[in-house]
Amino acid sequence: MAERNDPRESIIDRRLDGIKKLAVVSAKGGVGKSTVSAILALLLAEKAKVGVLDLDAYNPSIPTILGMRELRVGEDRGITPQSFRGMQVLSFAHFSGDRAMPLRGRELSDAVKELLAVTTWDADLLIIDTPPGTGEVTLDLLRFFRDARFLVVTTPSALAKMALDRELELLGRSRVIGVLENMSERDCDLCVRYSKEIEMACGDTDRLMSLADGMRNMAEEIWRRL
Amino acid sequence: MHEWALAEAVVSFVSDRADRPRRIRVLLGELQNVDEEIFLSALKEMMDDVEIDLTREECVLRCNACKKDMKLKDLGEEERELVHFLPEAVHAYVSCPLCGSRDFTIEKGRGVVIESVEGS
């Protein structure tokens, strides 16, 4: 064997063996993937050991939404995610802080592989927040995890509908456990206020948690389908 | 100690390719700054009868704007630790010393690479 080989790919599926994986995806940006991921994680952490992996290298926002003030990772025969509110959380922000991390395609995939290969999770469920689009991160999740399930987030806009159709066409029906239509509140004053309150609660975990109570049924249904 | 996780990846890779590995050659990229002693002792613990050759590879970053190569400049202690965990984090902390661009590619010396596995 003369060629240079990457050892990481051989261990990724073993590293996450036995852990349910839910990727929260959308072909379109700004539909609320990260907020949905964070709220789902908070709700499901009441019934299972939940890990949250934020794979948005360009705009990692999970720590901000969850209200994590100080970011740190540990080391114990691997990278250990940060414990927060009974969850384990790891984000690209743990490594880049508030600086930009401009990566081109191959290196973005390299960064994703590194985190998947060296992080040791103690979790029943890993919720994976992803960047918008059907690029490296989605493709790597499809490639490495045959058992990963996808929750597709969308909005009622016509542009989001087009993006949704493309996303579903790529993922295939068997891997999608549901489509969540977010921001559907335009015709309901109460819903508009609720949506605004959630936006304002980002970064305030207690407030977010109390508002998330209204989504408990949805979280239960997702858990049932996993 | 995340060298253990990297060593486990190497062992997993080798065991997928050879039932009785005799010798492996591994490159350690300068960027990831792996602790050679810990890495080697982890490998030895998991594959005690395999000869292990470790070679260091210098890191070369190539600017995509001016196309010049640059060596890894001194990073601060905290930044070096973050790049040790995730080599691509270097993109958050380094820019081209000649043109100032943040757009560069890690050409060589990123992390752990297996050059060869000998055995049957």
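The values are calculated or read from the model by the stated rules, or taken from the named source; none is laboratory data. Note that the structure is predicted; figures quoted are calculated from it, not measured. Note that we place each Cβ from the backbone using ideal geometry, even for glycine, and neighbour counts take in every protein chain shown. Each accessible area value is taken on the protein alone, full model and side chains, heavy atoms only, with ligands, DNA and RNA left out. Shrake-Rupley method; radii C 1.70, N 1.55, O 1.52, S 1.80 Å.
Out of residues 5 or more away from A:Leu71 or on other chains, whose amide H comes under 5 Å of its own, with H placed 1.01 Å from N in the peptide plane?
It is none; the list stays empty.
Name the cysteines of the protein assembly as shown that stand alone by the Cβ rule: no other cysteine Cβ under 4.7 angstrom.
A:Cys202, B:Cys59
Would you please calculate the Kirkwood hydrodynamic radius of the stretch B:2-87 over all C-alpha pairs and express it in Å, rounded to one decimal?
14.5
Roughly how crowded by other chains is peptide A:111-120, in terms of the mean Cβ count from those chains within 10 Å of each of its Cβ atoms?
5
Using a 10 Å cut-off around each Cβ of peptide B:94-102, what is the average number of partner chain Cβ atoms that fall inside?
That works out to 1 on average.
Using unit Cβ charges (K, R positive; D, E negative) and no other charged atoms, how large, in debye to the nearest 20, is the dipole of the stretch B:60-108 about its Cα centre?
That gives the stretch B:60-108 a dipole magnitude of about 360 debye.
Could you tell me the calculated FRET efficiency between B:Glu81 and A:Glu181, based on Cβ-Cβ distance and R0 = 51 angstrom, to the nearest 0.05? Walk me through the intermediate numbers first.
Working: r = 42 Å, r/R0 = 0.83.
Efficiency, rounded to the nearest 0.05: 0.75.
Chains B and A: how much accessible area gets covered up at their contact, both sides added, probe 1.4 Å, in Å² to the nearest hundred?
3200
With +1 on the Cβ of every Lys and Arg and -1 on the Cβ of every Asp and Glu, and nothing else charged, how large is the dipole of the protein assembly as shown about its Cα centre, in debye rounded to the nearest 20?
About 1020 debye.
How many nm is it between the label spots at A:Arg225 and B:Asp69, if each spot is 7 Å from the Cα in line with the beta carbon?
5.2
With runs of 4+ DSSP H residues as the only contributors, calculate the mean residue ellipticity of the protein assembly as shown at 222 nm using -39,500 (n - 2.57) per run, divided by the residue total and rounded to the nearest 500. Each step should come with its number before you reach the end.
Values: 14 runs with 132 residues, N = 346.
Mean residue ellipticity, 222 nm, calculated: -11000 deg cm²/dmol.
How much accessible area per residue does the stretch A:1-104 have, counting only protein heavy atoms and a probe of 1.4 Å, in square angstrom?
Per-residue value: 40 Å².
Using a 1.4 Å probe on the protein heavy atoms only, what accessible surface does B:Glu45 show? Give it in Å² to the nearest 10.
Surface open to solvent at B:Glu45 totals about 130 Å².
What whole number of Å gives the distance from the Cα centroid of the stretch A:1-71 to the Cα centroid of the stretch A:191-225?
Distance between centres, Cα-based: 19 Å.
Relative to the present Cα-Cα distance, how much length would full extension add between A:Leu159 and A:Cys188 at 0.36 nm per residue of separation?
Details: separation 29, 0.36 × 29 = 10.44 nm, distance 2.14 nm.
Separation in residues times 0.36 nm, less the Cα-Cα distance, equals 8.3 nm.
Any idea of A:Phe84's accessible area? Nearest 10 Å², probe 1.4 Å.
40
Tally the DSSP beta bridges in the protein assembly as shown and give the antiparallel ones as a percent, rounded to 5. Display every interim value, and only then the final one.
Working: 20 of 51 bridges.
Looking only at bridges with both residues in the protein assembly as shown, the antiparallel portion is about 40 percent.
Please report, in Å, the Rg and the Dmax of the stretch A:27-91, where both are computed over Cα atoms only.
Calculated on Cα positions, Rg and Dmax stand at 12.1, 37 Å.
I'd like the carbon and sulfur percentage of the solvent accessible area for the stretch B:60-108, probe radius 1.4 Å, heavy atoms only, ligands and nucleic acids excluded.
Carbon with sulfur: 43 percent of the solvent-accessible area.
Using a basic spin-label model with each label point 7 Å from the Cα along Cα→Cβ, how many nm lie between A:Arg99 and B:Glu36?
2.7
Arranged from highest to lowest average of other beta-carbon atoms within 10 Å per residue, in what order do the peptides A:44-50, B:7-13, B:69-75 appear?
Top to bottom by mean Cβ count within 10 Å: B:7-13, A:44-50, B:69-75.
Quick one: net charge around A:Ala45, please, counting Lys, Arg +1 and Asp, Glu -1 for every other residue with C-beta under 11 Å from its C-beta.
Net of charged neighbours comes to +1.
Tell me the Rg and the Dmax, in Å, that the Cα atoms of the stretch B:60-108 produce.
Considering the stretch B:60-108 through its Cα atoms, Rg and Dmax are 10.3, 28 Å.
Rounded to the nearest 10 Å², what accessible area does A:Met183 show when all protein chains are kept and the probe is 1.4 Å?
Here the residue's solvent-accessible area equals roughly 80 Å².
Round to a whole angstrom and tell me the spacing of the C-alpha centers of the stretch B:1-17 and the stretch B:45-84.
One Cα centre to the other: 18 Å.
Of A:Phe95, A:Ser157, A:Val24, which is farthest on the positive side of the dipole of the protein assembly as shown, counting Cα position, with +1 on Lys and Arg Cβ, -1 on Asp and Glu Cβ, and the Cα centre as origin?
Result: A:Ser157, furthest along the dipole toward the positive end.
Starting from the eigenvalues of the Cα gyration tensor, five times each then square-rooted, give me the equivalent ellipsoid semi-axes of chain A, largest first, whole Å.
Result for chain A: semi-axes of 28, 21, 17 Å.
Would you tally the net charge around A:Gly67, using a Cβ to Cβ cut-off of less than 10 Å, leaving A:Gly67 out, and scoring K and R as +1, D and E as -1?
Details: positive: A:Arg69, A:Arg85, A:Arg207; negative: A:Asp204, A:Asp206.
My count for the surroundings of A:Gly67 gives +1.
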